[in-house]
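Comments concern the structure below.
The values are calculated or read from the model by the stated rules, or taken from the named source; none is laboratory data. Values in this document were obtained by computation on a predicted structure and should not be read as measured data. For neighbour counting, all protein chains shown are included, and Cβ atoms are generated from backbone atoms with ideal geometry for every residue, glycine included. In case anyone asks, the SASA skips ligands and DNA or RNA and just uses the protein heavy atoms, side chains included. Shrake-Rupley method; radii C 1.70, N 1.55, O 1.52, S 1.80 Å.
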Amino acid sequence: MFAAEIYQQRRLELVQQLEGGIVLLLGNVASPFNSADNCYRFRQDSSFLYFCGLDQPGLAAVLDVDSGRETLFGPRQSLEDVLWSGVGPTLQDRAERVKISASADFSDLHRILSAAIDGGRTVHVLPSSRAENKIILSGLLNKDIDTLNRESSSALIKAVVALRSIKSAAEIAELDEAADLGYQLHMATMKMVRAGLYEWEIAGELEAVAARAGRMLSFPPIVTTHGEILHNHQRSHQLQYGDLLLVDAGVESRLHYASDHTRTVPVAGKFSPEQKNIYQIVLATMARARELIKPGIAYRDVHLSACRTLVEGLKSLGLMCGDADRAVTAGAHALFMPHGLGHQLGLDVHDMEDLGEDYVGYDDKIQRATQFGLAGLRLGRELQEGFVLTVEPGIYFIPELISQWKNEGRHADYINYAKLEKYLTFGGIRLEDDIVVTASGSRLLGRPIPLQVEDIEKTISN
Ligand code: GLY
Ligand code: MN
Ligand code: MN
């Protein structure tokens, strides 16, 4: 945990942004794997963790905006609990550890919330992507789940996003720690790459590095020789000489801050000339983004400018043609990069996105585009000092997409479909690093993972 005062201060800043009512922050419960006594590894709700710091299941906090009173709700330990799980701190002890003065049994929560609602008070709640939490909230607030989803408090969401988006020095230290462990994940897997291995063996090593450090991965890793399938979670291919292997993986720090890195490496140990050409374009696209990132610039503009670099590179290979600026404005480059340049990173790998992607990535000034490709950009708004985000360009040759666009003659002024024929089995390359926006630009988080062609090739052959 951070110091107790940090959580107290965050809660204070949260309620100061609201006009009145009650804030209910619901933690996660243990989630059964196949029976109530056999659960998935516990992961606390990130907003609960941010404001209350307590990493145990079954807790909720109620913050009274008007009176300032704070109460922690949770289970009281029974003798049965002691028998199976040992003696733990009391609920009141847990509350006091994070400077919450009062505690009460979770079973009191329904009555307290009902009394507040009957008294005409607003109960502010956040949306949750967890099924259990939706069910619990539905019971606590006497509302069906659809109504609940519609009625989450946009005032609370905006207040939470405003606070969680700017990372403090202590949070950045956690993110650096996660990124350092991310370095170890990627070094371990890069060094084991060779023809004959299965993708699941690489994925197993990622889990092992995290588990040996007492940590957990920050999302199910993508380990694939089919990088063109953007979130490919199949891991059944055997690595062949000549393949590219894409590993997109991250890990959590001690306090659950995430890393998220991608590297794409040649199984042969050396890139073929064709692979190297595409790799260098992705690298140049990433470098262009890094040059531009600083407070005040909209990430949508960084994305579009980086995409122009990508188009210039593809033009140099004869795969695209025409004016790069116009090609990007038309969205022609999205054939090769149908996703956005990155997203915020923090306690979640796609930070805060269960609160609503547009609350996190967009605002009144910059709204999400509808154009294919740009619509997939998770973060479009202006960057601020203290934002932590990913930079993750890619080039993919997706046969189904190419075939559809070609048949429609889509963007035929900008795309050389004839030349694309020989790339249909190329796969895809993505590179991803994690950065913090500083006063004058950005800084890479964690130890640099090999990125340049020669460094990747050297690491693989070691
Ligand atoms: N791991 C998914 C992503 O990079 O956003
Ligand atoms: Mn990733
Ligand atoms: Mn990412």
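For Ala203, are the conditions met, namely being within 16 Å of ligand 1 (Cβ to nearest atom), buried (at least 22 other Cβ atoms within 10 Å of the Cβ) and of a type in the set (A, V, I, L, M, F, W, C)? Show your work before the answer.
Working: within 16 Å of ligand 1 (Cβ to nearest atom): yes; buried (at least 22 other Cβ atoms within 10 Å of the Cβ): no; of a type in the set (A, V, I, L, M, F, W, C): yes.
Spelling it out, it is not the case that Ala203 is within 16 Å of ligand 1 (Cβ to nearest atom), buried (at least 22 other Cβ atoms within 10 Å of the Cβ) and of a type in the set (A, V, I, L, M, F, W, C).
In a loop (DSSP other than H, G, I, E, B), open to solvent by 40 Å² or more (accessible area, probe 1.4 Å) and over 24 Å from Pro450 (Cα atoms) - does that describe any residue in segment 301-311? Give the derivation first.
At the first step, the residues of segment 301-311 found to be in a loop (DSSP other than H, G, I, E, B) are none.
Scanning segment 301-311 turns up no residue that is in a loop (DSSP other than H, G, I, E, B), open to solvent by 40 Å² or more (accessible area, probe 1.4 Å) and over 24 Å from Pro450 (Cα atoms).
Quick one: is Asp358 assigned to a helix (DSSP H, G or I), open to solvent by 50 Å² or more (accessible area, probe 1.4 Å) and within 16 Å of ligand 3 (Cβ to nearest atom)?
Details: assigned to a helix (DSSP H, G or I): yes; open to solvent by 50 Å² or more (accessible area, probe 1.4 Å): yes; within 16 Å of ligand 3 (Cβ to nearest atom): no.
When the stated conditions are applied, Asp358 does not pass them.
In the set Val349, Val328, which member is of a type in the set (Val, Ile, Thr), modelled with pLDDT of 95 or more, within 21 Å of Tyr396 (Cβ to Cβ) and within 16 Å of ligand 2 (Cβ to nearest atom)? Break it down into steps so the answer makes sense when it comes.
Details: Val328 fails: within 16 Å of ligand 2 (Cβ to nearest atom).
Only one candidate qualifies: Val349.
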Can you tell me which residue within segment 6-28, out of those that are in a loop (DSSP other than H, G, I, E, B) and not charged (D, E, K, R), is most open to solvent (accessible area, probe 1.4 Å)? Gln17
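Could you check segment 225-245 and list, in sequence order, the residues that are under 24 Å from Ala213 (Cα atoms) and over 18 Å from the mean Cα position of the chain (by Cα)?
Our first condition is that a residue be under 24 Å from Ala213 (Cα atoms); within segment 225-245, this holds for 233, 235.
Answer for segment 225-245, where residues must be under 24 Å from Ala213 (Cα atoms) and over 18 Å from the mean Cα position of the chain (by Cα): just Arg235.
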If we ask which residues in segment 387-407 are open to solvent by 10 Å² or more (accessible area, probe 1.4 Å), more than 18 Å from Leu310 (Cβ to Cβ) and touching a residue at least 24 places away in the same chain (Cβ under 8 Å), their number turns out to be 1
Checked pairs for segment 129-142, first under 12 Å from Leu113 (Cα atoms), second among the charged types (D, E, K, R) and surrounded by 16 or more Cβ atoms within 10 Å (Cβ to Cβ), C-beta under 8 Å and 6 or more apart or across chains, list as Leu137/Lys143
I'd like to check something: does segment 328-351 contain any residue that is away from ligand 3 (no atom under 16 Å from the Cβ), open to solvent by 50 Å² or more (accessible area, probe 1.4 Å) and in contact with a strand residue (DSSP E or B) (Cβ under 6 Å, 6 or more places away or on another chain)? no
Could you give every pair whose Cβ atoms fall below 6 Å, whose first residue belongs to segment 269-280 and is under 13 Å from Ile460 (Cβ atoms), and whose second residue is at pLDDT below 95 and not aliphatic (A, V, I, L, M), counting only separations of at least 6 or pairs across chains? Gly269/Ser461
Do we have any residue at all in segment 188-201 that's modelled with pLDDT of 95 or more and within 27 Å of Pro295 (Cα to Cα)? no
Please go through segment 156-186 and give me each residue that is surrounded by fewer than 17 Cβ atoms within 10 Å (Cβ to Cβ) and either basic (Lys, Arg) or more than 21 Å from the chain's Cα centre (by Cα) (or both), ordered by number. Lys158
I'd like the residue in segment 216-269 that is away from ligand 3 (no atom under 14 Å from the Cβ) and among the charged types (D, E, K, R) and, out of all such residues, is least open to solvent (accessible area, probe 1.4 Å). Glu252
If you take the residues of segment 413-445 that are within 16 Å of ligand 3 (Cβ to nearest atom) and open to solvent by 20 Å² or more (accessible area, probe 1.4 Å), which of them is nearest to Leu181 (Cα to Cα)? Leu444
Leu185 is checked against (1) away from ligand 3 (no atom under 16 Å from the Cβ); (2) under 25 Å from Asp351 (Cβ atoms); (3) touching a helix residue (DSSP H, G or I) at 6+ places or on another chain (Cβ under 6 Å) and fails just one. What number does that condition carry? (1)
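Residue check: is Ala3 surrounded by fewer than 14 Cβ atoms within 10 Å (Cβ to Cβ), of a type in the set (A, V, I, L, M) and at pLDDT below 95? Can you show your working first?
Working: surrounded by fewer than 14 Cβ atoms within 10 Å (Cβ to Cβ): yes; of a type in the set (A, V, I, L, M): yes; at pLDDT below 95: no.
Considered against the rule, which asks whether it is surrounded by fewer than 14 Cβ atoms within 10 Å (Cβ to Cβ), of a type in the set (A, V, I, L, M) and at pLDDT below 95, Ala3 comes out as no.
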Of all residues in segment 115-149 being within 17 Å of Glu70 (Cα to Cα) and in a helix (DSSP H, G or I), the one that is most open to solvent (accessible area, probe 1.4 Å): Ala115
